[in-house]
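The next block holds one structure in the form of structure tokens; read it before the comments.
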Amino acid sequence: MTGPLDGVKVLVLAGMGPVPYVSMLLADMGADVVRVVRPPNRAARALGATVGLTDEKDVVNRAVSAVAVDLKDPEGKAAVVRLAADADVFIEGYRPGVAERLGLGPDDLRPHNEKLVYVRLTGYGQDGPRSRDAGHDINYVAQSGALHAMAREGEGPRPPINLLGDYAAGGAMGAYGIACALVSAARTGRGQVIDAAMVDGVAALTAKLQGLRAAGLYSDDPGTNFLDSGAPFYDTYRCADGRYLAVGALEPDFYREFISRLGVDTDQWPDQEDRSEWANLRKLIGDAVSRRTRDEWAAVFNGTDACVTPVLTFDEAALDPHNAERGLYRTVSGVLHPFPAPRFSGTPARDPQAPTGDLLDTAAVAARWN
């Protein structure tokens with residue numbers, strides 16, 4: 001057995017953002033994932049050249065098979081319906097109503113497969129005034145209210161690349177929903193439709209913040225709280241070589257450990273909890289950190305409880321002794337692959353392999369699944 005999802009068959013209508021990411025998460029854990037792509041043509045090749053991402057470098061498609069199907073062709077649609085009849089999971093990332101117009105909506109597939117888990121991955125969800133609007137990660141994070149909090153004091157919000165909406169709130173939440181629905185289908189014999197909206201997922205991720213806000217422990221003024229760069233002991237600092245140090249010394253014991261190793265006299269420094277002195281404290285910490293290089297500080301704080309780490313590049317992270325021992329990243333055909341997470345003792349995930357642009361025939365997939 002390879003992975004806890006060994007034997008689970010997943011059919012995916014190719015899309016962007018969370019769709020390929022959830023496909024990778026399932027494939028990493030042993031699921032047989034087949035992606036339905038448009039037939040190769042000049043326009044598709046031109047798009048690939050524009051994006052500049054070759055098949056073997058598209059990490060999210062590792063361990064994912066592909067079939068080329070024209071969904072507007074009745075024969076192509078019929079082939080997808082036949083595959084869905086044997087699948088455990090069907091994933092689409094279209095705007096509401098598009099799958100139905102293609103004849104591939106939940107009501108079209110359910111008569112052929114009562115246990116099918118049908119997943120709809122969108123930005124705004126299947127209903128509501130914005131459900132049919134176009135958007136990207138930054139829009140869904142903004143719509144949830146979370147983007148407002150991602151700013152330094154006096155500055156505009158900064159989107160966290162597309163890690164939050166597309167991948168955490170979309171792909172990871174979608175995979176969680178699929179796992180839940182598969183457990184239910186195994187128990188009841190019936191599948192269901194999953195409305196996996198990125199705006200919903202981001203909102204769910206703010207649960208702890210909502211409690212803090214209600215208790216008066218979190219301000220809606222961004223950049224003024226403990227975890228949003230407001231606290232000088234939870235921030236990044238520039239070192240003598242222009243690289244950065246990450247400081248997370250929130251608790252008093254960790255904070256005392258941190259300042260005790262800065263190599264400067266801290267007896268007259270303001271109290272950690274005195275917010276009126278945070279600006280002064282930030283300057284004091286910044287001045288102290290600026291006296292040594294990042295790697296010199298890394299050596300000073302290594303093995304301590306000061307909660308201080310060097311800010312590593314991806315290549316440095318792959319070579320870091322701790323990460324290397326755990327195999328956090330693997331280099332496959334010259335491409336850095338994150339190792340599948342989480343880790344299982346009895347059914348370990350697949351080792352990362354280079355994605356391939358090879359296309360399978362739908363009949364071959366049908367034979368494999370049967």
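Only the coordinates and a few stated rules stand behind these numbers; no lab work does. Source: prediction; values computed, not measured. Backbone-built Cβ (ideal geometry, glycine too); neighbour counts: all protein chains shown.
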- Item | For ILE91, residues with placed amide H under 5 Å, excluding near neighbours | LEU11, VAL12, LEU13, VAL119
- Task: Round to the nearest 10 and give me the degree value, 0 to 90, for the angle of helix 18-28's Cα axis relative to the longest principal axis of the chain.
- Result: 90
- Query: For the residue pair PHE339 and PHE226, what label-to-label distance in nm results when each label sits 7 Å from Cα along the Cα-to-beta-carbon direction?
  - Reply: 3.2
- Query: Can you give the % of DSSP beta bridges in the chain that are antiparallel, to the nearest 5?
  - Reply: 35
- Message: Given the -39500 (n - 2.57) contribution per DSSP H run of 4+ residues, what per-residue ellipticity at 222 nm results for the chain, rounded to the nearest 500 deg cm²/dmol?
- Response: -10000 deg cm²/dmol
- Task: Obtain the nm distance between the two label points defined at HIS112 and ASP70 by a simple spin-label model: each point lies 7 Å from its Cα along the Cα-to-C-beta direction.
- Result: 1.9
- Note on the structure: Zone reached by a paramagnetic label modelled 7 Å from GLN210 Cα along Cα→Cβ, restricted to region 145-176 with backbone N below 14 Å, covers 145-146
- In a GNM of the chain with a 10 Å cut-off on Cα contacts, which of ALA169, ALA151, ALA186 has the highest mean-square fluctuation? ALA186
- Item | Whole-Hz ³J(HN,Hα) from phi, Karplus 6.51 cos²θ - 1.76 cosθ + 1.60, for region 305-313, glycine and proline x | 9, 7, 6, 10, 9, x, 7, 9, 6
- Could you list which residues have their amide H under 5 Å from that of ARG292, counting only those 5 or more apart in sequence or on another chain, with H placed in the peptide plane? ALA240
- Message: Restricting to Cα pairs below 8 Å that are 6+ residues apart, what does the relative contact order work out to for region 164-239? Please round to a whole percent.
- Response: 24
- If each of ASP86 and TYR176 carries a label point 7 Å out from its Cα toward its Cβ, how far apart are those two points in nm? 3.3
- Scalar couplings 3J(HN,Hα) for region 181-189 by Karplus 6.51 cos²θ - 1.76 cosθ + 1.60 (θ = phi - 60°), nearest whole Hz, x for Gly and Pro, are 5, 5, 4, 5, 5, 5, 7, 9, x
- Query: Which order do peptides 63-70, 156-163 fall in by mean Cβ count within 10 Å, highest first?
  - Reply: 63-70, 156-163
- Query: So which GluC sites (Glu not before Pro) in region 152-261 are both in a DSSP loop and have at most 15 other Cβ atoms within 10 Å of their Cβ?
  - Reply: GLU153, GLU155
- Net charge, PRO232 excluded, C-beta distance under 13 Å - Lys, Arg +1, Asp, Glu -1: -4
- Message: Output wanted: per-residue J couplings in Hz (rounded whole) for region 339-354, from phi through Karplus 6.51 cos²θ - 1.76 cosθ + 1.60, θ = phi - 60°, x for Gly and Pro.
- Response: 6, x, 9, x, 10, 10, 6, x, 10, x, 5, 5, 5, x, 10, 5
- Item | Contour excess over end-to-end distance, with Cα ends at ASP267 and ALA246 and 0.36 nm allotted per residue | 5.3 nm
- What residues have an amide H closer than 5 Å to that of THR224, excluding those fewer than 5 places away on the same chain, when H is modeled at 1.01 Å from N in the peptide plane? GLY230
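Just to verify a number: FRET efficiency for ALA279 and ASP127, C-beta to C-beta distance, R0 = 45 Å, to 0.05?
Efficiency, from the Cβ-Cβ distance: 0.45.
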- Given 11 as the ceiling on other Cβ atoms within 10 Å, longest exposed-site-free region of the chain for trypsin sites (Lys or Arg not before Pro) in DSSP loops: 73-342
- Query: Anyone know which of ALA87, ALA249, ALA168 comes out most mobile in the 10 Å Cα GNM of the chain?
  - Reply: ALA249
- By how many nm would the segment from GLU316 to ARG350 lengthen if fully extended, with 0.36 nm per residue of separation less the alpha-carbon distance? 9.8 nm
